[in-house]
Amino acid sequence: MPGDQPISEDELHAYVDGDIAPGRRLDIALYLARHPEEAARMEVFRAQREAIRALFDDIAHQPVPPRLRRLMRRHAQRRARRRRTGMVVGIAAAAVVLVTGRAIVHYAAPEHGGPAAEAAAQHAPASDELPVIRPLKQHGRWDRNFEI
């Protein structure tokens, strides 16, 4: 049944521009017939649209000047180059992080016996002497510092 859905402001403007679905056009026409103040407001928008169209219609149908086309082409090329450069920098940074992380994991792993693993094994406590972590008490309240 026509008029079941509320009419939005966007739909009213689309109706004025002629960009509304045919099924919805009838609902909006009925709405405007029942609300003359809205119809008057939309008529002002329609007159404004026609005035703008009359003012700029001849300019809108002229070809784009070659100077402006060259400027737009250069801008698009610069944007594409920046995008490619950013992508290459991102890939290079990811590769450096992966290689560095892999090297750290490889040389720090005890089973591979790397230099860092040997140094850590020398200073590691025996399995029966695990460190005890106690929070420090300062000024009568617990602090976030710890003593090992």
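The values are calculated or read from the model by the stated rules, or taken from the named source; none is laboratory data. If you're wondering where the values come from, they're calculated on a predicted model, not measured in any experiment. So basically every Cβ, Gly included, is an ideal-geometry build from the backbone, and we count neighbours across all protein chains shown.
Remarks
- Filter pass, residue 37 being at pLDDT 90 or above and surrounded by 14 or more Cβ atoms within 10 Å (Cβ to Cβ): no
- Residue check, residue 28 surrounded by 13 or more Cβ atoms within 10 Å (Cβ to Cβ), at pLDDT 90 or above, in contact with a helix residue (DSSP H, G or I) (Cβ under 6 Å, 6 or more places away or on another chain) and not polar (S, T, N, Q): yes
- Every residue from region 6-39 that is part of a loop (DSSP other than H, G, I, E, B) and closer than 23 Å to residue 53 by Cα: 18, 19, 20, 21
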